[in-house]
Amino acid sequence: MTVRGGAGDITEADLSARPQDNLYLAVNSEWLKNAKIPSDRSRTSSFDGIDLNIEKELMQDFADFADGKKDLPDVPNFEKAVALYKIAKDFDRRNADGADPIQADLHEILGLRNFADFTLKAADFFKNGFPMPFDFSVEADMKNTKIHSLQFGGPGTFLPDTTTYKTPAAEKLLAVLKEQSINLLTMSGISKSEAEDYAEKALAYDAKIAKVVKSAEEWADYPATYNPISRDDFADKFKSFKMDYFLGELFAKKPERVINTEPRYLDYAEELLNEDVFAEIKAWMLVKFVNGVASSLSQEFREAAFPFSQALSGQPELPSGVKQAYHIANSDFSEVVGVYYGQTYFGAEAKADVTDMIHKMLDVYEKRIRENSWLSQATKDKAIVKLRALILKIGYPDKIEEIYDRLTVDPEASLYANEAQFGREQIKYNLEKLDQDVDRSVWLMPGNLVNACYDPQRNDLTFPAAILQKPFYDLKQSRSLNYGGIGVVIAHEISHAFDNNGAQFDEFGNMKNWWTEKDFAEFKKRTQAEIDLFDGIKYGPATLNGKQIVSENIADQGGLTAAVEANKGEDGNMKELFENFARVWATKQLPESIKTQVSVDVHAPGPERANVQSQCQEEFYKAFDVTEHDGMWLDPEKRVVIW
């Protein structure tokens, strides 16, 4: 009998599970049975295990740097990260300051008199990083990635995704947020009755936004975010709000056009931005503001801002103050800390070996494209050009981005004041890019992040140093195990160049159709099969949305196929490969966290990635002698092969 994802409940340990019935459980049940989710996290996994080790190492390093037990490393701007860590760690001061650090900014929002006043001050509010009912950012232009363009979109909602509002849990979650917001506003000096009124109005405005902004599934369609519109036509969509004035305050030379990432929001812009809803806008900004800044204040504020996050994740308790201090420094100086981590903990020998594996995977990919049975020669040739144009970023960057030179840490100022200043500088830095060429050397991930990525607009692959360790990779373990771990990760990221989004960008990262009509029609058919493969699978308390997670599933499919092919070429042990592939997805997660993740994440949950993708591999059936009587059997016509 065909079962997508194998037999049994994949979220529960089963020590008697066979790989023929449930590969993931056969490999990971012992781990699942014994694994403990840390009290300040909502899950634990192979990724999290590495992350916890890195966190422990770097927290100790930061403590030693702060105490003068270690000399500061020769990494540009690293001393700023340590200075910020010291400020964040000083809870005597943070607790004594209470709500004082935010009073000036809070009263800027409280002081808004009417919609005309909001229109006049909106540009300053935006530049100061205050919550706004719309968003702008400067990004590489999708159709000409040498230059930047101004992108417009709606704001984030209170709940994780628009679909969350349609679930039975929505009412309870919003009630928790309402109570939390009233508490935070009163702690900030606002009367109880006013705080209740603001919270009520904020939720009313959020409900209006939630009906209009995109869902996670819609955001997963990357090319659909590219909708150029002239500045005049864009500004005309706003009747009450003076958008042309706003853009003039933001830029000395206003852009000729705007990329509208959310057409539906723009169609409703007038309904969301006018005098009649001003009181709701102001309340929404206040509630967003106070919830956003609470973590930069005292321990009392941190605890008061925790219930909503806890309701979404199930996480039992807040991280300690010293752990938060490290995470703040690591977040604000991510690339700087990543370079330090890479230089300290990542060896040249490992980098050389991983680089060799990447080139092997690129060769395997080229061979598979050449031998592909459903692509025309013209499309194959262009795909290989794109493949060979991929830029590799391994370990950590050679140079640190300029923004970190601009950030200054004031030891006399509060943590909130420093954080707010960073925010202003980052917004200024981003807006200045509009008249600058795109810097293709910029990394999207720091060296100490346990992850990897493909950037369709730069056509590059990034493999941070942090992911290049067990169980993904170990110089001392067999190539088969490494292929099942980092080999799949490498080929997964290569596959993103040819997923449903990446396939619409050329070798320079420009959105351009390089397919024949017939080939792309066949590709769309196979993409739909990948959607159907995962759609409706039950995972714990959640149900998977095949369309939302299709790009990552295409990348998984291509990644595992290429790793299997590479392993085959070296006469590797297939059982080892599939077992390590299952091992890297070991996950134990709280039910609330599962529901939140499935509602917003473009990735399928790890255990389903392990089993469903293995079920589509012919070599899996051979390696474990799987028959139609076994739980891991998937009928041949239901197995999806794209790359």
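Worth a mention:
- In degrees, nearest ten, helix 321-332 long axis to first principal axis of the chain (Cα): 80
- Computing Rg and Dmax of the Cα atoms in Å for the structure here picks out one of [x] 25.5, 83; [y] 25.3, 73; [z] 28.4, 98, namely [y].
- Between R406 and E108, the FRET efficiency estimated from the beta carbon spacing at R0 = 25 angstrom works out to 0.60.
- The chain: angle of helix 78-89 to the longest principal axis, Cα-based, in degrees nearest 10: 60
- What the pair-distance distribution of the stretch 173-250 shows, using all Cα-Cα distances binned every 5 Å from zero, is 3, 12, 13, 12, 14, 15, 15, 11, 5, 0 percent.
- Within a straight-line Cα-Cα reach of under 29 Å, K476 can be paired with the following lysines, leaving aside sequence neighbours fewer than 8 residues apart in one chain: K33, K36, K56, K351, K360, K367, K393, K568, K575, K588, K622.
- In terms of overall dimensions, the stretch 72-142 has a Cα radius of gyration and Dmax of 18.1, 52 angstrom.
- Percent accessible area from carbon and sulfur atoms, the stretch 439-581, protein chains only, probe 1.4 Å: 49
- Full extension of the segment from R231 to D74, taken as 0.36 nm per residue of separation minus the current Cα-Cα distance, would add 51.9 nm.
- Rg to Rh quotient for the stretch 252-406, alpha carbon positions, Kirkwood Rh: 1.12
- Only one residue of N22, G314, M243 has its Cα farthest out toward the positive end of the dipole of the chain, where Lys and Arg carry +1 and Asp and Glu -1 on Cβ, and that residue is N22.
- Rounded, prolate or oblate (a/c below 1.5 giving rounded, otherwise prolate when a/b exceeds b/c) for the stretch 368-498 by Cα gyration tensor: oblate
- DSSP-defined antiparallel bridges as percent of all bridges, the chain, nearest 5: 75
- Entry comment: accessible area of the chain is 41 Å² per residue, from protein heavy atoms only and a probe of 1.4 Å.
- For the stretch 436-505: rounded, prolate or oblate by the Cα gyration tensor [a/c cutoff 1.5]: oblate
- Approximate shape of the stretch 371-421 as ellipsoid semi-axes (Cα gyration tensor, √5λ), whole Å, largest first: 49, 13, 9
- FRET efficiency estimate (nearest 0.05) - Cβ-Cβ, R440 to K192, R0 60 angstrom: 0.65
- Residue-span extension gain [T355 to D244] - 0.36 nm each, minus C-alpha spacing: 35.0 nm
- Annotation: F130 carries an accessible surface of approximately 20 Å², with a 1.4 Å probe and no ligand, DNA or RNA atoms counted.
- Between N144 and E303, the contour length at 0.36 nm per residue exceeds the Cα-Cα span by 52.6 nm.
The values are calculated or read from the model by the stated rules, or taken from the named source; none is laboratory data. Being a predicted model, the structure only gives us computed values, none of them experimental. All Cβ positions, glycine included, derive from the backbone under ideal geometry; neighbour counts span all protein chains shown. When the accessible area is computed, the model is the full protein with side chains, heavy atoms only, and any ligands, DNA or RNA have been set aside. Shrake-Rupley method; radii C 1.70, N 1.55, O 1.52, S 1.80 Å.
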